[in-house]
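Have a look at the structure below, then the notes.
The values are calculated or read from the model by the stated rules, or taken from the named source; none is laboratory data. Just so it is clear, the structure is predicted and the values come from calculations on it, not from any experiment. Neighbour counts run over all protein chains shown; Cβ positions are idealised from the backbone, glycine included.
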Amino acid sequence: MQPLSRLATALALGAATLLSLPALADEARYNQVALRAEVSQEIAHDLMHVTLYSEAQDDDPARLAAQITRTLNDAVKQARAAKGVSVALGSRHSYPVYDDKRQQITAWRERAELRLESADFAALSKLTGQMLETLKMAGMDFSIAAPTRKRHEDALLKDAVTAFKARAQLATEALGGSGYKLVSLNLNSGGFQPPMPMRMAKGMAMMEAAPTPEIEAGTSQVTINADGVIEVQMP
């Protein structure tokens with residue numbers, strides 16, 4: 001009896017599978033089209049980044065480290081006194097200096113960075129000019145602040161959806177469809193824009209010569225991509 005029972009169960013399962021095939025066929029989707037729409041906007045940089053550094057050499061590494069530390073401490077104190085300027089210590093490293101034959105260490109050289117950031121370009125520019133009396137400049141960059149980027153990306157989301165709808169309608173008409181259904185839609189930003197290098201009226205040398213140089217912060221492009229799939233309905 002057990003073999004007959006197993007055979008009956010197998011036949012029942014096979015019949016159920018055959019009956020479900022039309023339902024699966026009905027669920028299959030055809031006339032699907034993948035589309036992309038992209039919208040972008042140029043956004044003015046509203047953050048200024050300056051990297052300064054102190055570098056010195058001495059035959060006594062302990063004395064050298066103490067000298068660099070004093071210079072950095074004074075610089076940090078000066079920077080913290082400036083309103084609206086964020087201060088952070090950057091990289092710091094030392095390395096030996098060898099003789100001509102590279103057999104003996106003749107001295108030690110150390111370099112330490114100080115990083116400044118502010119939305120007040122004039123204040124940071126003035127502070128940088130003052131601090132160049134004791135430090136040197138490693139670079140100046142500009143970027144878009146995270147809240148600013150998010151605000152503009154949120155505004156562009158609606159534009160991206162509108163652009164996607166327009167493309168979906170064009171594709172539907174091109175295929176001779178009577179309408180379309182939205183299968184999927186992904187909205188993504190164009191990715192992180194790295195800080196832009198400094199652009200100044202008379203180049204880097206001007207920063208060394210004047211406390212308040214003329215600065216052009218520039219812009220970066222914020223982009224929103226709308227990637228999706230539609231199903232065109234045929235008449």
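Taking the options V76, V87, name whichever one is in contact with a helix residue (DSSP H, G or I) (Cβ under 7 Å, 6 or more places away or on another chain) and either buried (at least 17 other Cβ atoms within 10 Å of the Cβ) or hydrophobic (A, V, I, L, M, F, W, C) (or both).
Just one listed residue meets the conditions, V87.
When you check T172 against the structure, is it at pLDDT 95 or above, surrounded by 12 or more Cβ atoms within 10 Å (Cβ to Cβ) and either among the β-branched types (V, I, T) or not assigned by TED's automatic domain parsing to the domain that holds D227 (or both), yes or no?
So T172 fits the description; yes.
Among the residues of the range 144-179, which ones are touching a Lys or Arg at 6+ places or on another chain (Cβ under 9 Å) and of a type outside the set (K, R)?
Result: F164, single match.
So in the range 213-230, with the set limited to residues that are in contact with a helix residue (DSSP H, G or I) (Cβ under 7 Å, 6 or more places away or on another chain) and of a type in the set (A, V, I, L, M, F, W, C), which one is modelled with the lowest pLDDT?
I215
Quick one: in the range 91-126, which of the residues that are in contact with a Ser or Thr (Cβ under 8 Å, 6 or more places away or on another chain) and aliphatic (A, V, I, L, M) is farthest from Q221 (Cα to Cα)?
V97
Can you name the residue in the range 101-122 that is among the aliphatic types (A, V, I, L, M) and surrounded by 16 or more Cβ atoms within 10 Å (Cβ to Cβ) and is also nearest to the chain's Cα centre (by Cα) among such residues?
The extreme case among them is L116.
Identify the residue in the range 175-212 that is of a type in the set (K, R) and farther than 28 Å from R149 by Cα and, among all such residues, is modelled with the highest pLDDT.
Looking at residues that are of a type in the set (K, R) and farther than 28 Å from R149 by Cα, I get K181.
Does at least one position in the range 151-165 carry a residue that is at pLDDT 95 or above, among the charged types (D, E, K, R) and outside the structural domain of T219 (by TED's automatic domain parsing)?
no
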